Amino acid sequence: QVQLVESGGGLVQPGGSLRLSCAASGRTFSSYATGWFRQAPGKEREFVARIRSNGANTYYGDSVKGRFTISRDNAKSTVYLQMNSLKPEDTAVYYCATSLHLGATDPHDFGSWGQGTQVTVSS
């Protein structure tokens, strides 16, 4: 089992940037694909981005494509989400999660989850 801890959330103005981090413990972290999801109040959990275990392949949800970038550093057991050109509709709790399914985007395919970090985009 992998334990995940997100950080880097906060309050940012529209058009601003934030970088989220997902720090993992567990020697097998580099074997997992890792994804970012978000959930706004009253809404379902939404897929944001995913990166494969070796970092060679990334995939993004339509609402963040071209603005967000996912990356990973397996030596540091950390996955990052660089978020640029933030919009008020990006406001949500952001979660990272791991999966053994390389092409996973459904939350049900992800087994380990962090506790989440709040991102608020507001002027």
Quiz item: Can you name the residue in region 74-94 that is hydrophobic (A, V, I, L, M, F, W, C), at pLDDT 95 or above and not in a loop (DSSP other than H, G, I, E, B) and is also nearest to L4 (Cα to Cα) among such residues?
Solution: V79
Quiz prompt | Members of region 46-55 that are of a type outside the set (F, W, Y) and more than 16 Å from F29 (Cβ to Cβ) | solution = E46, V48, A49
Practice problem: Return yes or no: is A97 open to solvent by less than 10 Å² (accessible area, probe 1.4 Å), assigned to a loop (DSSP other than H, G, I, E, B), over 18 Å from S17 (Cα atoms) and of a type in the set (G, A, S)? | Solution: no
Exercise. Could you please let me know if N57 is open to solvent by 10 Å² or more (accessible area, probe 1.4 Å) and at pLDDT below 95?
Key: yes
Quiz item: Among the residues of region 55-73, which ones are in contact with a Ser or Thr (Cβ under 6 Å, 6 or more places away or on another chain) and either in a loop (DSSP other than H, G, I, E, B) or within 18 Å of P88 (Cα to Cα) (or both)?
Solution: R67
Exercise. Scan region 11-37 and report the pairs whose first residue is basic (K, R) and whose second residue is in a strand (DSSP E or B), with Cβ atoms within less than 8 Å and a gap of 6+ or a chain change.
Key: R19/Y80; R19/L81; R19/Q82; R19/M83
Quiz prompt | Matching option when the condition is open to solvent by 50 Å² or more (accessible area, probe 1.4 Å) and at pLDDT 95 or above, among R52, R45 | solution = R45
Quiz item: Among (1) open to solvent by less than 60 Å² (accessible area, probe 1.4 Å); (2) of a type in the set (S, T, N, Q); (3) within 23 Å of G10 (Cα to Cα); (4) part of a loop (DSSP other than H, G, I, E, B), where does T105 come up short?
Solution: (3)
Self-check item: Within region 76-94, considering residues that are closer than 14 Å to Q39 by Cβ and more than 12 Å from the chain's Cα centre (by Cα), the one most open to solvent (accessible area, probe 1.4 Å)
Solution: E89
Practice problem: Take S30 and decide whether it is assigned to a loop (DSSP other than H, G, I, E, B) and open to solvent by less than 60 Å² (accessible area, probe 1.4 Å). | Solution: no
Quiz item: Which residues, taken from region 62-75, are in contact (Cβ under 8 Å) with a residue 12 or more places away in the chain and either in contact with a Leu (Cβ under 7 Å, 6 or more places away or on another chain) or surrounded by fewer than 17 Cβ atoms within 10 Å (Cβ to Cβ) (or both)?
Solution: S63, R67, F68, T69, I70, S71, N74
Quiz item: Are any residues in region 1-27 open to solvent by 40 Å² or more (accessible area, probe 1.4 Å) and of a type in the set (S, T, Y), and if so, which ones?
Solution: S7, S17, S25
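The values are calculated or read from the model by the stated rules, or taken from the named source; none is laboratory data. None of the values given here were measured: they were computed from a predicted structure. Cβ: placed from backbone, ideal geometry, glycine included. Neighbour counts: every protein chain shown. The protein model used for the area step is the full one, side chains on, heavy atoms only, and it has no ligands, DNA or RNA in it. Shrake-Rupley method; radii C 1.70, N 1.55, O 1.52, S 1.80 Å.
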